[in-house]
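Enquirer: First the structure, then my questions, so here it is.
The values are calculated or read from the model by the stated rules, or taken from the named source; none is laboratory data. Since the model is a prediction, treat every value here as computed from it, not as a measurement. Note that we place each Cβ from the backbone using ideal geometry, even for glycine, and neighbour counts take in every protein chain shown.
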């Protein structure tokens, strides 16, 4: 009945209010990037994915514990992987997290989704950095909420603007549901919050009686400088949920992340998480892999990504026309470039693709209609030798856009 | 700050209406069943979990496609596993499902969760068999909806009662959001819907303009008789969502299920499914394993589970006191036993556990307060040689309960 398949609106009357808010998604296939010099996605480097050590860990798991690794597991996560993550958090993050305060999630994405379900009603306001992680927007839209954006400075979220926004949101209604922040090598800007910024965020959350969702997906990938305390560690008042992931270190394909927070909240989240437990087989493999391989593998990754950041910064310096600025991240995957006002980076993407290069238009990283002259450049996925040529192509395109735009005005 | 950790209510004021409806979950660990003769869970047999062939498939995947199996993937599922499931559905279920009508989910559990989000608002009514799959209740409660229960007959859902319930729900408001049905070897009763029942469900859904969610988790595990057409196949009007899973055939630990439905609905579901794609690494392994191993492995499983059903039926026949009745399923994992009214199977569980046996009290399978004298007996997980002794222990306990209860009255 092909006419029915075409009839999208026929199904609208069956939708819940949440279902109506959900976008009619365009299904994208990440493999479509294969033909480009791709600076678009926050994808790990393909060549360094640890296939060999994953196979070793799989062999051990299927030999030693075939039964429970292939069986059902708890909705909050299997004990072996919770304990492996707790050990990692104690060693690297300096965070002591009791088992009842931790749950596994399908990447940190599912952690965000569950927290929005737990905390946010239609009409509510969430405070977030602007720009921020684009994966957050669907959850906010599905919940019928909005984001009050706070700009970033070189020191992380602008704490003066944050205070004003908290006050404004409180004056306008019941207050912000939570502050969503990415303190390390922020996605998309690459900016890192100073310790003073982190402390101030904690104070402000307490003062305005709201919660904090700290998304620390890139924590392990610091190339320069010293690790800073997590907001979770600085918060003596249990207002912070801490999200992490193995997607950038072990492998995104495992879909393993975690969420730490107050235990009464973890138990509620467990009731919302009706998925029969998170990738149990993968959890056993990760629990085997983490103590053996994590530290040496991540130190290799820091070398690779640090080198690529340097290659990209050097190429930007060499090729970009005057008037273009960019950030200099201490870690993570992203550089954020700002072109002169008037350039439309969304429209420019089609031309860039024709020239074989992909980047992320800035607008995609804003909840509101901003960022038209900005781009996110991921240095994680393109190979070393692609970076300089890719940036050169992009810089030439930008220069030509600038000539056209400013000649015309 | 241990006093805060104890203070559950402190956090209540931050919860959304959905968060408040979510239960303060008791976290259960399936491994706690290890010490019992366990008839409690719908767990696959541990000894037949295909560790060796999974390792073979993993080796192939990590050798042939380490890059994309460990990378990010589409939210609706990676193409290789979608195509492997489509091939399986065409061969076994006789269902031709175009790629755009299919998505992968974390078990069929996540499929149910997403459909409730897509279709159900607070105050809405869903129609379901009563008793039904217990994993459905958290989703209904989180959504703030209720279930109008329809009893089962030997031919599946009672279609006369279904019609009355559809009419009642329509008269009371906007009508039922959908009919949730498990036509094959229903969980928990083991009952299978006849083809006439299936056809009538389709007619009634059309007549009352509602949708159908067909949960077919046990389709592949038929021991007797011929396969019947799925409701999805009988429905020419695209009102049916079809849920399946690899949890009972490949391994529950993969958390791989699927959902087929109208493509406009699949695209909305993709926006609700903000988890970065379902177990991508596991999907590649499953796509390698399915064409090679599925048919021979499932034929072994049918032999094992069919034998265990026979052992349990024979043991029930031999040991249960008069006044106890039970179902005789043609497949699946469950027998449903009804004890004389007045026996409280919830209270009896503690004594059964003291005697080393576990079963599922009937009340857990009802949305309303029913099923006090009923139990679900899973024959899938206990080993062959445990079944007869386990049933004998249970039968003696039941007999002793009956003596006490009816001597006292």
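Enquirer: When you scan the stretch B:328-341, do you find a residue that is out of contact with any helix residue (DSSP H, G or I) (no Cβ under 7 Å at 6 or more places or on another chain), free of Cβ contacts under 8 Å to residues at least 12 places away in the same chain, away from every other protein chain (no Cβ under 14 Å) and farther than 30 Å from residue A:12 by Cα, even just one?
Expert: Within the stretch B:328-341 (the criterion being out of contact with any helix residue (DSSP H, G or I) (no Cβ under 7 Å at 6 or more places or on another chain), free of Cβ contacts under 8 Å to residues at least 12 places away in the same chain, away from every other protein chain (no Cβ under 14 Å) and farther than 30 Å from residue A:12 by Cα), the answer is no, since none of the residues qualifies.
Enquirer: Residue B:62 versus (1) at the interface with chain A (Cβ under 7 Å from one of its Cβ atoms); (2) part of a loop (DSSP other than H, G, I, E, B): which is the lone unmet condition?
Expert: (2)
Enquirer: Further question: For residue B:269, state whether it is over 30 Å from residue B:204 (Cα atoms) and either in contact (Cβ under 8 Å) with a residue 60 or more places away in the chain or not in a helix (DSSP H, G or I) (or both).
Expert: No; evaluated as a whole, the condition is false for this residue.
Enquirer: A follow-up question, please. Across the stretch A:354-366, which residue is surrounded by the most Cβ atoms within 10 Å (Cβ to Cβ) among those that are under 24 Å from the mean Cα position of the chain (by Cα) and in a helix (DSSP H, G or I)?
Expert: Within the stretch A:354-366, the first condition is being under 24 Å from the mean Cα position of the chain (by Cα), and the residues that meet it are A:357-366.
So of that shortlist, the ones also in a helix (DSSP H, G or I) come out as A:362-365.
Numbers: A:362: 22, A:363: 19, A:364: 18, A:365: 25.
Step by step, filter the stretch A:354-366, then rank; the result is A:365.
Matching residues to (1) more than 14 Å from chain A (Cβ to nearest Cβ); (2) more than 22 Å from residue B:93 (Cβ to Cβ); (3) part of a helix (DSSP H, G or I):
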{"position": "B:250", "(1), (2), (3)": "no, no, yes"}
{"position": "B:265", "(1), (2), (3)": "no, no, yes"}
{"position": "B:284", "(1), (2), (3)": "no, yes, yes"}
{"position": "B:300", "(1), (2), (3)": "yes, no, yes"}
{"position": "B:315", "(1), (2), (3)": "yes, yes, yes"}
{"position": "B:318", "(1), (2), (3)": "yes, yes, yes"}
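Enquirer: Moving on. Taking into account only those residues within the stretch A:69-82 that are crowded, with 21+ Cβ neighbours inside 10 Å and over 20 Å from residue B:26 (Cβ atoms), which is farthest from the other protein chains (Cβ to nearest Cβ)?
Expert: Looking at the filtered set, the residue picked out is A:81.
Enquirer: Quick check on residue B:174: is it surrounded by fewer than 23 Cβ atoms within 10 Å (Cβ to Cβ) and either within 14 Å of chain A (Cβ to nearest Cβ) or farther than 28 Å from residue B:226 by Cα (or both)? Please lay out each step first, then the result.
Expert: Working: surrounded by fewer than 23 Cβ atoms within 10 Å (Cβ to Cβ): yes; either within 14 Å of chain A (Cβ to nearest Cβ) or farther than 28 Å from residue B:226 by Cα (or both): yes.
Yes: the conditions hold for residue B:174.
Yes/no matrix, rows are residues, columns are (1) modelled with pLDDT under 95; (2) more than 14 Å from every other protein chain (Cβ to nearest Cβ); (3) over 19 Å from the mean Cα position of the chain (by Cα):
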| position | (1), (2), (3) |
| --- | --- |
| B:119 | no, no, yes |
| B:128 | no, yes, no |
| B:132 | no, yes, no |
| B:142 | no, no, no |
| B:148 | no, yes, no |
| B:158 | no, yes, yes |
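Enquirer: For the stretch B:14-50, name all the residues that are over 30 Å from residue A:114 (Cα atoms), surrounded by fewer than 18 Cβ atoms within 10 Å (Cβ to Cβ) and facing another protein chain (nearest Cβ under 7 Å).
Expert: Result: B:46, single match.
Enquirer: What do you reckon, is residue A:55 part of a helix (DSSP H, G or I), facing another protein chain (nearest Cβ under 8 Å) and modelled with pLDDT of 80 or more? Before you say what the answer is, go through the steps one by one.
Expert: Working: part of a helix (DSSP H, G or I): yes; facing another protein chain (nearest Cβ under 8 Å): yes; modelled with pLDDT of 80 or more: yes.
The answer is yes for residue A:55.
Enquirer: Looking only at the stretch A:181-195, decide whether some residue is farther than 24 Å from residue B:14 by Cβ, more than 14 Å from chain B (Cβ to nearest Cβ) and touching a helix residue (DSSP H, G or I) at 6+ places or on another chain (Cβ under 6 Å).
Expert: Our first condition is that a residue be farther than 24 Å from residue B:14 by Cβ; within the stretch A:181-195, this holds for A:184-192, A:194-195.
After this cut, where a residue has to be more than 14 Å from chain B (Cβ to nearest Cβ) as well, the list is A:184-186, A:188-192, A:194-195.
Filter once more, so that each one left must be touching a helix residue (DSSP H, G or I) at 6+ places or on another chain (Cβ under 6 Å): A:188.
Yes, because at least one residue in the stretch A:181-195 is farther than 24 Å from residue B:14 by Cβ, more than 14 Å from chain B (Cβ to nearest Cβ) and touching a helix residue (DSSP H, G or I) at 6+ places or on another chain (Cβ under 6 Å).
Residue-wise test of (1) buried (at least 22 other Cβ atoms within 10 Å of the Cβ); (2) in contact with a strand residue (DSSP E or B) (Cβ under 9 Å, 6 or more places away or on another chain); (3) farther than 28 Å from residue A:266 by Cα.
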| position | (1), (2), (3) |
| --- | --- |
| A:133 | no, yes, no |
| A:151 | no, yes, yes |
| A:159 | no, yes, yes |
| A:167 | no, no, yes |
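Enquirer: Mind listing whichever residues of the stretch B:300-324 are farther than 20 Å from residue B:385 by Cα and surrounded by 13 or more Cβ atoms within 10 Å (Cβ to Cβ)?
Expert: Selection gives B:321, B:323, B:324.
Enquirer: Tell me, yes or no, whether the stretch A:85-104 has at least one residue that is within 10 Å of chain B (Cβ to nearest Cβ) and either modelled with pLDDT under 95 or surrounded by 19 or more Cβ atoms within 10 Å (Cβ to Cβ) (or both).
Expert: yes
Enquirer: Right, another one. Between B:62, B:82, which is at pLDDT 95 or above and under 21 Å from residue B:111 (Cα atoms)?
Expert: Just one listed residue meets the conditions, B:82.
Enquirer: From the list B:257, B:244, pick out the single residue that is touching a residue at least 60 places away in the same chain (Cβ under 8 Å), buried (at least 24 other Cβ atoms within 10 Å of the Cβ) and either more than 9 Å from every other protein chain (Cβ to nearest Cβ) or more than 30 Å from residue B:210 (Cβ to Cβ) (or both).
Expert: Details: B:257 fails: either more than 9 Å from every other protein chain (Cβ to nearest Cβ) or more than 30 Å from residue B:210 (Cβ to Cβ) (or both).
Unique residue meeting the criteria: B:244.
Enquirer: Within the stretch A:185-209, which residues are in a loop (DSSP other than H, G, I, E, B) and closer than 12 Å to residue A:154 by Cα?
Expert: As a first pass, look at the stretch A:185-209 and keep what is in a loop (DSSP other than H, G, I, E, B): A:185-194, A:208-209.
Of everything in the stretch A:185-209, those that are in a loop (DSSP other than H, G, I, E, B) and closer than 12 Å to residue A:154 by Cα turn out to be A:185, A:186, A:189, A:190, A:191, A:192, A:193, A:194.
Enquirer: Of these, A:149, A:173, A:144, A:156, which one is assigned by TED's automatic domain parsing to the domain that holds residue A:215, in contact (Cβ under 8 Å) with a residue 40 or more places away in the chain and out of contact with any helix residue (DSSP H, G or I) (no Cβ under 9 Å at 6 or more places or on another chain)? Outline the logic, then answer.
Expert: Numbers: A:149 fails: out of contact with any helix residue (DSSP H, G or I) (no Cβ under 9 Å at 6 or more places or on another chain); A:144 fails: out of contact with any helix residue (DSSP H, G or I) (no Cβ under 9 Å at 6 or more places or on another chain); A:156 fails: out of contact with any helix residue (DSSP H, G or I) (no Cβ under 9 Å at 6 or more places or on another chain).
Among A:149, A:173, A:144, A:156, only A:173 is assigned by TED's automatic domain parsing to the domain that holds residue A:215, in contact (Cβ under 8 Å) with a residue 40 or more places away in the chain and out of contact with any helix residue (DSSP H, G or I) (no Cβ under 9 Å at 6 or more places or on another chain).
Enquirer: If you go through the stretch A:217-240, how many residues are touching a residue at least 40 places away in the same chain (Cβ under 8 Å), touching a strand residue (DSSP E or B) at 6+ places or on another chain (Cβ under 6 Å) and within 14 Å of chain B (Cβ to nearest Cβ)?
Expert: Count: 2.
Enquirer: From B:101, B:10, B:59, which residue is more than 21 Å from residue B:278 (Cβ to Cβ) and not assigned by TED's automatic domain parsing to the domain that holds residue B:350?
Expert: Just a single option satisfies the conditions, and that option is B:59.
Enquirer: Keeping to the stretch A:21-50, report how many residues are part of a loop (DSSP other than H, G, I, E, B) and free of Cβ contacts under 8 Å to residues at least 12 places away in the same chain.
Expert: The number of residues fulfilling the criteria is 5.
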